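The values are calculated or read from the model by the stated rules, or taken from the named source; none is laboratory data. Note that the structure is predicted; figures quoted are calculated from it, not measured. Here Cβ is always computed from backbone atoms with ideal geometry, including for glycine, and neighbour counts include all displayed protein chains. The accessibility values were calculated without ligands, DNA or RNA, using every heavy atom of the protein model including side chains. Shrake-Rupley method; radii C 1.70, N 1.55, O 1.52, S 1.80 Å.
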2 protein chains.
Amino acid sequence: MTIVAVIGATTWGNTIGRLLANKGVTVKVWAKTEARAMELSEEQQKLPPDRAFLDYLSFTNNINQALDSVEWVIWAVPAQSLRQSAGLIGNSITANMLLVSLAKGLEASSGKRMSEVLADEITATSLEQICVLSGPNLSQEINRGLPATSVVAAYNTGLSQNARELFQSPNFSIFTSDDIIGVELCGALKNIIALGAGMVDGLSLGDNAKATFITLGWAEITSLGIALGAQPETFYGLAGLGDLIATCAGSLSRNHYVGREVATGRSLAEVRASMSNIAEGIDTTIAAHRLASNLGQEIPIIDLIYRVLFESLPPVEITNRFREGLKPEAIV
Amino acid sequence: MTIVAVIGATTWGNTIGRLLANKGVTVKVWAKTEARAMELSEEQQKLPPDRAFLDYLSFTNNINQALDSVEWVIWAVPAQSLRQSAGLIGNSITANMLLVSLAKGLEASSGKRMSEVLADEITATSLEQICVLSGPNLSQEINRGLPATSVVAAYNTGLSQNARELFQSPNFSIFTSDDIIGVELCGALKNIIALGAGMVDGLSLGDNAKATFITLGWAEITSLGIALGAQPETFYGLAGLGDLIATCAGSLSRNHYVGREVATGRSLAEVRASMSNIAEGIDTTIAAHRLASNLGQEIPIIDLIYRVLFESLPPVEITNRFREGLKPEAIV
């Protein structure tokens, strides 16, 4: 049977771990500390014994144990920690292992996608051995067994087919794509628009304004994505529009939550400090802002979100833009 | 100053009437019966006297009075009543009047768009004198003064520019389009997807499944729209995706409400009978189903909604499709 390691005992890493273990894949989740690995093991021991995943899911902070005999290494650490984690662990990755990236973000310091960061740091791996999984995947719903879809993308079609077989489950339908750049950019950039949609909700502007904001934001990230090498169709699909809609729906998205709280007057630092999980959109806004600037790409919506987050622009300025008539030349 | 008639004292007709009257346009709303016109006049007299629209908005059931001296005739009757209304009133329309269509539906018996129905019935009018207004425009929010955007489309660019000036308001930003076919199809077809999204919500499938459904539904209505002569870009914009997202958000959409109620076990007839307003998506589903069949266009999602609404397919079949793995070849 298949054996996989999940690097990073994050919410999404643990969710994917359970999903795979539920279908009989042996999953070893690597946590950063022994304390965290033990805590997760103990939590698991308290669950009702009839859960299918229990026999297949374990936790460790020993990287050699985690990687022993695995075919797949699934990276679930947050985007800004990936380089450090990959650097630490990279020497233990061998050329026969296939990598899956789960984080939906861009590295703030470099603007790089997660697959690029992995290829940078892991000498035994090339971009051809890396695939990404991304789609409308609010983890709480997947944990509850509600149906969802997702997309795996790789340069190598054989790899994306294998990854599809790995993840495909009764309630988790996997589509494949050869546009790894597009799928990664969709997953990362939509979090910026979700921050903004959260602000629109925090300002109580209503569903008409929110739909307008999402539509214009989607057009903007699609253009930016194309300028960065994505295929337009990827933004029209489940990894693009689908994930954007799910994330902007709001109730379960961390990025939407941050935007909403900031719009109602809390400082970004305070909101961040109050959260146990990372909202990837925050640092990804920095990365996207710089990438667009380097390309000379117009990004009025991302720029507005950037200024609210990092330059003390009052969130009510978003309302003012709407009231000023949202002229096409100065949209949102 | 500009004088307009609004044909049909519907929720949306009255909302647009107030919006125009608020900017000093003289608006005469034509109601079908004297009783309805009097009821609306009396309701208006009870409002606080500081409302800007009060001096400019009146109600009548006398068509000659309604059309006297008007430049614009704004059609706000429901889609399935438009032919009859236009037939009754058509002889009173003169060649100098410009027409605006508001209804977001297709005629069930013919599959025709609203502008086509108007051109059929009104001899003094050609398609070049007709424009349409459509966008993410939940009327309750517009009545509350929340910001919204919309699109006016006409074959004639001069006409769409004039219509833009007519409707543009501080909280209602108007964009123009030359794709009248696309804008009308977007407004009509999105109501079908909103019915389905309501079913997904009624089945409590979650935001991941709902986002998947909306994304695949959007792709399906975009393909159908293109086959019917629409420009693809129209579906990517505010009249397309924007209106779809606002309508599927749910809380204020009649079509979403119908889908949700049907999914929780009520009969379509019962839900319809309980509503004071018309959910345009129901009859439009019939029209779209026939149009697609005539074109040989695959419409698995619309077909599923059609069968739940009209052929007693149990709504839980939608859940089953998700659980069966949503194979691309048999999507949703």
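Each residue in the stretch A:191-242 was checked for being touching a residue at least 40 places away in the same chain (Cβ under 8 Å) and touching a strand residue (DSSP E or B) at 6+ places or on another chain (Cβ under 6 Å), and 3 of them qualify. So is B:Val77 touching a strand residue (DSSP E or B) at 6+ places or on another chain (Cβ under 9 Å) and in a loop (DSSP other than H, G, I, E, B) or not? The answer is yes for B:Val77.
Tell me, please, whether a residue that is of a type in the set (D, E, K, R) and either open to solvent by less than 60 Å² (accessible area, probe 1.4 Å) or closer than 17 Å to B:Ala211 by Cβ (or both) can be found in the stretch B:226-236. No, the stretch B:226-236 contains no residue that is of a type in the set (D, E, K, R) and either open to solvent by less than 60 Å² (accessible area, probe 1.4 Å) or closer than 17 Å to B:Ala211 by Cβ (or both). Against the conditions (1) within 14 Å of the chain's Cα centre (by Cα); (2) surrounded by 24 or more Cβ atoms within 10 Å (Cβ to Cβ); (3) within 14 Å of chain A (Cβ to nearest Cβ), B:Val132 satisfies every one except (3).
Name the one entry in B:Leu106, B:Leu118 that is part of a helix (DSSP H, G or I), at pLDDT 95 or above and closer than 22 Å to B:Arg290 by Cβ. Step by step, each of B:Leu106, B:Leu118 is checked, and only B:Leu118 is part of a helix (DSSP H, G or I), at pLDDT 95 or above and closer than 22 Å to B:Arg290 by Cβ. Filtered by the rule that a residue be on the phi > 0 side of the Ramachandran plot and among the hydroxyl-bearing types (Ser, Thr, Tyr), the stretch A:194-229 gives a lone residue, A:Ser204. For the stretch A:175-189, taking the residues that are β-branched (Val, Ile, Thr) and crowded, with 23+ Cβ neighbours inside 10 Å, the one that is nearest to A:Ile278 (Cα to Cα) is identified as A:Val183. Take the residues in the stretch A:149-171 that are over 15 Å from the mean Cα position of the chain (by Cα) and either within 10 Å of chain B (Cβ to nearest Cβ) or free of Cβ contacts under 8 Å to residues at least 12 places away in the same chain (or both), then tell me which one is least open to solvent (accessible area, probe 1.4 Å). Of everything passing the filter in the stretch A:149-171, A:Ser169 is least open to solvent (accessible area, probe 1.4 Å).
Just so you know, in the stretch B:1-16 the residues that are in contact with a strand residue (DSSP E or B) (Cβ under 9 Å, 6 or more places away or on another chain) and either among the polar types (S, T, N, Q) or modelled with pLDDT under 95 (or both) include one that is surrounded by the most Cβ atoms within 10 Å (Cβ to Cβ), and it is B:Asn14. Residues in the stretch A:249-261 that are among the aliphatic types (A, V, I, L, M) and crowded, with 23+ Cβ neighbours inside 10 Å were compared, and the one that is farthest from A:Thr212 (Cα to Cα) is A:Val258. Selection of the stretch B:86-96 for residues being at pLDDT 95 or above and either open to solvent by less than 10 Å² (accessible area, probe 1.4 Å) or at positive phi (or both) yields B:Ala86, B:Ile93. Residues that are over 19 Å from B:Ala108 (Cα atoms) and hydroxyl-bearing (Ser, Thr, Tyr) within the stretch B:66-93 comprise B:Ser69, B:Ser92, listed in sequence order. Take the conditions more than 21 Å from A:Leu205 (Cβ to Cβ) and surrounded by fewer than 19 Cβ atoms within 10 Å (Cβ to Cβ) and apply them to A:Ala273. Does it pass? So A:Ala273 passes the test.
From the list A:Leu40, A:Leu54, A:Leu19, A:Leu82, the one residue that fits, being out of contact with any strand residue (DSSP E or B) (no Cβ under 8 Å at 6 or more places or on another chain) and in a helix (DSSP H, G or I), is A:Leu54.
How about the stretch B:148-162: which of its residues are in contact with a helix residue (DSSP H, G or I) (Cβ under 6 Å, 6 or more places away or on another chain) and at pLDDT 95 or above?
First pass over the stretch B:148-162, keeping only residues in contact with a helix residue (DSSP H, G or I) (Cβ under 6 Å, 6 or more places away or on another chain): B:148-149, B:151-156.
Matches in the stretch B:148-162: B:Ala148, B:Thr149, B:Val151, B:Val152, B:Ala153, B:Ala154, B:Tyr155.
Scanning the stretch B:237-250 for residues that are over 19 Å from A:Thr247 (Cβ atoms) and in contact with a Phe, Trp or Tyr (Cβ under 9 Å, 6 or more places away or on another chain) yields B:Gly237, B:Leu238, B:Ala239, B:Gly240. Of all the numbered requirements in (1) out of contact with any Phe, Trp or Tyr (no Cβ under 9 Å at 6 or more places or on another chain); (2) free of Cβ contacts under 8 Å to residues at least 60 places away in the same chain; (3) within 12 Å of chain A (Cβ to nearest Cβ); (4) open to solvent by 40 Å² or more (accessible area, probe 1.4 Å), B:Asn143 misses one, and that requirement is (2). The helices (runs of 4 or more DSSP H) found wholly in the stretch B:172-289 and carrying at least 1 residues that are of a type in the set (Ser, Thr, Tyr), within 26 Å of B:Asn162 (Cβ to Cβ) and facing another protein chain (nearest Cβ under 8 Å) occupy B:232-236. Tell me whether the stretch A:16-29 contains one or more residues that are of a type in the set (D, E, K, R) and free of Cβ contacts under 8 Å to residues at least 60 places away in the same chain. Within the stretch A:16-29, one or more residues are of a type in the set (D, E, K, R) and free of Cβ contacts under 8 Å to residues at least 60 places away in the same chain. Within the stretch A:123-161, the set of residues being of a type in the set (S, T, N, Q) and farther than 19 Å from A:Ala76 by Cα comprises A:Thr123, A:Asn156, A:Thr157, A:Gln161. Residue-level analysis places B:Ala66 outside the set of residues that are touching a Gly at 6+ places or on another chain (Cβ under 7 Å), over 17 Å from B:Ala288 (Cβ atoms) and crowded, with 20+ Cβ neighbours inside 10 Å. A count restricted to the stretch B:121-142 and to residues that are in contact with a Ser or Thr (Cβ under 7 Å, 6 or more places away or on another chain), part of a helix (DSSP H, G or I) and at pLDDT 95 or above stands at 2.
Residues that are open to solvent by 70 Å² or more (accessible area, probe 1.4 Å) and of a type in the set (D, E, K, R) within the stretch A:18-63 comprise A:Arg18, A:Lys23, A:Lys32, A:Glu34, A:Arg36, A:Glu39, A:Glu42, A:Glu43, A:Lys46, A:Asp50, A:Arg51, A:Asp55, listed in sequence order. Each residue in the stretch B:85-103 was checked for being outside any strand (DSSP E or B), hydroxyl-bearing (Ser, Thr, Tyr) and touching a residue at least 40 places away in the same chain (Cβ under 8 Å), and 1 of them qualify.
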